[in-house]
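The values are calculated or read from the model by the stated rules, or taken from the named source; none is laboratory data. Since we're looking at a predicted model, the values are computed, not measured. Virtual Cβ from ideal backbone geometry, glycine too; neighbours counted across all protein chains shown.
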Amino acid sequence: MNHSEMRARLARMIVERTFRYSDNPPFTLASGKQSRFYFNCKPTTLDPEGMNLIGNIIFDMLEGSDISAVGGLTLGADPMANAISVISYQRNHPIKAFIVRKDVKGHGTRSSVEGNVREGERVAILDDVITTGKSTLIAIERAREAGLIVDRVIALIDREEEQGRENIEKEVQRVESVFTRTDIMALHEQEKKT
(Lines give C-alpha, C1' and ligand atoms only; values in the text may rest on other atoms or scores of the structure.)
Protein backbone atom coordinates (compact mmCIF):
# COMPACT_ATOMS: atom_id res chain seq x y z
CA MET A 1 0.00 0.00 0.00
CA ASN A 2 1.30 3.46 -0.83
CA HIS A 3 0.93 6.48 1.47
CA SER A 4 -2.38 7.72 0.03
CA GLU A 5 -3.88 4.21 0.14
CA MET A 6 -2.80 3.87 3.79
CA ARG A 7 -4.41 7.24 4.63
CA ALA A 8 -7.64 6.23 2.88
CA ARG A 9 -7.79 2.91 4.75
CA LEU A 10 -7.04 4.57 8.11
CA ALA A 11 -9.73 7.20 7.49
CA ARG A 12 -12.27 4.44 6.83
CA MET A 13 -11.24 2.67 10.04
CA ILE A 14 -11.69 5.91 11.98
CA VAL A 15 -15.17 6.44 10.54
CA GLU A 16 -16.12 2.83 11.32
CA ARG A 17 -14.56 2.44 14.78
CA THR A 18 -13.64 5.80 16.25
CA PHE A 19 -16.10 8.45 15.12
CA ARG A 20 -19.56 8.79 16.66
CA TYR A 21 -22.25 11.33 15.80
CA SER A 22 -25.42 11.98 17.79
CA ASP A 23 -27.81 14.93 17.81
CA ASN A 24 -29.67 13.68 20.85
CA PRO A 25 -28.21 13.20 23.33
CA PRO A 26 -24.93 14.96 22.62
CA PHE A 27 -21.63 13.59 23.96
CA THR A 28 -19.92 15.08 27.01
CA LEU A 29 -16.26 15.78 26.27
CA ALA A 30 -13.34 15.66 28.73
CA SER A 31 -13.56 19.47 28.86
CA GLY A 32 -17.14 19.12 30.13
CA LYS A 33 -18.60 20.68 26.99
CA GLN A 34 -21.30 19.01 24.91
CA SER A 35 -20.69 17.96 21.30
CA ARG A 36 -22.69 16.16 18.62
CA PHE A 37 -19.60 14.20 17.61
CA TYR A 38 -17.02 12.19 19.52
CA PHE A 39 -13.74 10.49 18.68
CA ASN A 40 -12.73 7.45 20.75
CA CYS A 41 -9.44 6.57 19.08
CA LYS A 42 -8.59 3.45 21.12
CA PRO A 43 -10.51 1.00 18.86
CA THR A 44 -8.29 2.23 15.99
CA THR A 45 -4.97 2.98 17.72
CA LEU A 46 -4.95 -0.35 19.59
CA ASP A 47 -5.90 -2.41 16.53
CA PRO A 48 -3.03 -4.27 14.76
CA GLU A 49 -3.91 -2.85 11.35
CA GLY A 50 -4.59 0.59 12.81
CA MET A 51 -1.23 0.62 14.58
CA ASN A 52 0.54 -0.43 11.39
CA LEU A 53 -1.16 2.31 9.37
CA ILE A 54 -0.58 5.01 12.01
CA GLY A 55 3.06 3.98 12.44
CA ASN A 56 3.76 4.13 8.71
CA ILE A 57 1.84 7.35 8.06
CA ILE A 58 3.42 9.31 10.91
CA PHE A 59 6.85 7.86 10.17
CA ASP A 60 6.44 9.26 6.65
CA MET A 61 5.47 12.63 8.15
CA LEU A 62 8.74 12.61 10.12
CA GLU A 63 10.88 11.76 7.07
CA GLY A 64 13.89 14.03 6.76
CA SER A 65 13.63 15.30 10.34
CA ASP A 66 16.14 14.77 13.12
CA ILE A 67 13.50 13.56 15.56
CA SER A 68 14.97 10.83 17.77
CA ALA A 69 11.88 10.02 19.85
CA VAL A 70 8.10 10.35 19.90
CA GLY A 71 5.68 10.29 22.80
CA GLY A 72 2.99 12.09 24.69
CA LEU A 73 0.63 12.00 27.60
CA THR A 74 -0.46 8.50 28.53
CA LEU A 75 -2.80 6.86 27.40
CA GLY A 76 -3.80 8.52 24.12
CA ALA A 77 -0.30 8.84 22.72
CA ASP A 78 1.08 5.47 23.90
CA PRO A 79 -0.10 3.14 21.11
CA MET A 80 0.82 5.75 18.49
CA ALA A 81 4.34 6.16 19.87
CA ASN A 82 4.83 2.40 20.07
CA ALA A 83 3.56 1.92 16.50
CA ILE A 84 5.92 4.57 15.12
CA SER A 85 8.85 3.11 17.04
CA VAL A 86 8.28 -0.42 15.69
CA ILE A 87 7.73 0.78 12.11
CA SER A 88 10.78 3.05 12.28
CA TYR A 89 12.95 0.10 13.31
CA GLN A 90 11.54 -2.04 10.50
CA ARG A 91 12.27 0.79 8.05
CA ASN A 92 15.89 1.12 9.26
CA HIS A 93 15.56 4.54 10.90
CA PRO A 94 14.84 3.82 14.59
CA ILE A 95 12.82 6.39 16.51
CA LYS A 96 12.34 5.73 20.21
CA ALA A 97 9.03 5.86 22.06
CA PHE A 98 8.50 7.56 25.41
CA ILE A 99 5.59 8.05 27.78
CA VAL A 100 4.63 11.18 29.68
CA ARG A 101 2.93 10.22 32.93
CA LYS A 102 -0.27 11.95 34.00
CA ASP A 103 0.82 11.63 37.62
CA VAL A 104 4.40 11.22 38.78
CA LYS A 105 4.91 8.17 40.97
CA GLY A 106 5.90 8.84 44.56
CA HIS A 107 8.64 6.22 44.42
CA GLY A 108 11.49 5.09 42.17
CA THR A 109 12.98 7.79 39.95
CA ARG A 110 9.85 10.00 40.22
CA SER A 111 10.25 10.82 36.56
CA SER A 112 7.33 12.22 34.59
CA VAL A 113 8.91 10.99 31.33
CA GLU A 114 9.56 7.27 30.89
CA GLY A 115 11.64 5.73 28.13
CA ASN A 116 15.17 5.64 26.79
CA VAL A 117 15.41 9.38 26.12
CA ARG A 118 18.02 11.84 27.29
CA GLU A 119 18.25 15.56 27.78
CA GLY A 120 18.88 17.42 24.51
CA GLU A 121 17.07 14.96 22.24
CA ARG A 122 14.72 16.42 19.61
CA VAL A 123 11.26 14.91 19.94
CA ALA A 124 7.74 15.02 18.55
CA ILE A 125 4.83 15.14 20.98
CA LEU A 126 1.89 12.97 19.93
CA ASP A 127 -1.79 13.03 20.81
CA ASP A 128 -4.71 11.03 19.51
CA VAL A 129 -7.17 13.95 19.46
CA ILE A 130 -6.68 17.69 19.81
CA THR A 131 -9.67 19.45 21.37
CA THR A 132 -8.56 22.17 23.81
CA GLY A 133 -4.91 21.12 23.57
CA LYS A 134 -4.65 20.68 27.34
CA SER A 135 -3.18 17.15 27.37
CA THR A 136 -0.74 18.06 24.60
CA LEU A 137 0.39 21.15 26.50
CA ILE A 138 0.98 19.07 29.64
CA ALA A 139 3.11 16.66 27.61
CA ILE A 140 5.09 19.53 26.08
CA GLU A 141 5.76 21.07 29.50
CA ARG A 142 6.88 17.78 31.07
CA ALA A 143 9.06 16.86 28.08
CA ARG A 144 10.77 20.24 28.32
CA GLU A 145 11.22 19.82 32.08
CA ALA A 146 13.03 16.55 31.25
CA GLY A 147 15.37 18.50 28.95
CA LEU A 148 13.86 17.31 25.68
CA ILE A 149 13.60 19.68 22.71
CA VAL A 150 10.03 19.66 21.42
CA ASP A 151 10.31 20.07 17.66
CA ARG A 152 6.68 19.51 16.69
CA VAL A 153 3.30 18.10 17.66
CA ILE A 154 1.46 15.48 15.62
CA ALA A 155 -2.12 14.49 16.36
CA LEU A 156 -4.11 11.71 14.78
CA ILE A 157 -7.21 13.96 14.66
CA ASP A 158 -7.65 17.70 15.09
CA ARG A 159 -11.23 18.42 16.18
CA GLU A 160 -10.81 21.99 14.86
CA GLU A 161 -12.54 23.57 17.82
CA GLU A 162 -11.98 25.17 21.21
CA GLN A 163 -8.78 26.80 19.91
CA GLY A 164 -6.86 23.57 20.56
CA ARG A 165 -4.41 23.93 17.69
CA GLU A 166 -3.95 27.65 18.37
CA ASN A 167 -3.31 26.97 22.08
CA ILE A 168 -0.58 24.47 21.18
CA GLU A 169 0.94 26.77 18.54
CA LYS A 170 1.66 29.29 21.32
CA GLU A 171 4.18 26.74 22.64
CA VAL A 172 5.28 24.82 19.52
CA GLN A 173 5.15 26.35 16.06
CA ARG A 174 4.81 23.14 14.08
CA VAL A 175 1.49 21.42 14.76
CA GLU A 176 0.25 18.79 12.31
CA SER A 177 -2.55 16.27 12.22
CA VAL A 178 -3.09 13.16 10.16
CA PHE A 179 -6.78 14.07 9.82
CA THR A 180 -9.10 16.89 10.76
CA ARG A 181 -12.70 16.69 11.89
CA THR A 182 -13.60 18.12 8.46
CA ASP A 183 -11.84 15.19 6.73
CA ILE A 184 -13.63 12.59 8.84
CA MET A 185 -17.04 14.30 8.66
CA ALA A 186 -16.77 14.45 4.86
CA LEU A 187 -16.03 10.72 4.65
CA HIS A 188 -18.81 9.98 7.16
CA GLU A 189 -21.31 11.91 5.02
CA GLN A 190 -20.06 10.26 1.84
CA GLU A 191 -20.40 6.76 3.31
CA LYS A 192 -23.92 7.52 4.61
CA LYS A 193 -24.99 8.20 1.00
CA THR A 194 -23.71 4.86 -0.32
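Considering only residues that are assigned to a helix (DSSP H, G or I) and under 17 Å from Ile99 (Cβ atoms), which ones fall in region 145-178?
Selection gives Glu145 alone.
How many residues does region 129-139 contain that are among the aliphatic types (A, V, I, L, M), touching a strand residue (DSSP E or B) at 6+ places or on another chain (Cβ under 8 Å) and part of a helix (DSSP H, G or I)?
So the answer is 2.
Please work out if Arg142 is under 24 Å from Asn40 (Cα atoms), outside any loop (DSSP other than H, G, I, E, B), among the basic types (Lys, Arg) and at pLDDT 95 or above.
For Arg142, the condition - under 24 Å from Asn40 (Cα atoms), outside any loop (DSSP other than H, G, I, E, B), among the basic types (Lys, Arg) and at pLDDT 95 or above - is not met.
Inside region 151-171, can you point out the residues that are surrounded by fewer than 18 Cβ atoms within 10 Å (Cβ to Cβ) and either modelled with pLDDT of 95 or more or in contact with a helix residue (DSSP H, G or I) (Cβ under 9 Å, 6 or more places away or on another chain) (or both)?
Glu160, Glu161, Glu166, Asn167, Glu169, Lys170, Glu171
Name every residue in region 41-72 that is touching a Lys or Arg at 6+ places or on another chain (Cβ under 7 Å), surrounded by 14 or more Cβ atoms within 10 Å (Cβ to Cβ) and more than 18 Å from Met6 (Cβ to Cβ), in order of residue number.
Ile67, Ser68, Ala69
Counting only residues that are under 19 Å from the mean Cα position of the chain (by Cα) and either over 30 Å from Thr180 (Cα atoms) or modelled with pLDDT under 95 (or both), how many does region 97-112 have?
The total comes to 3.
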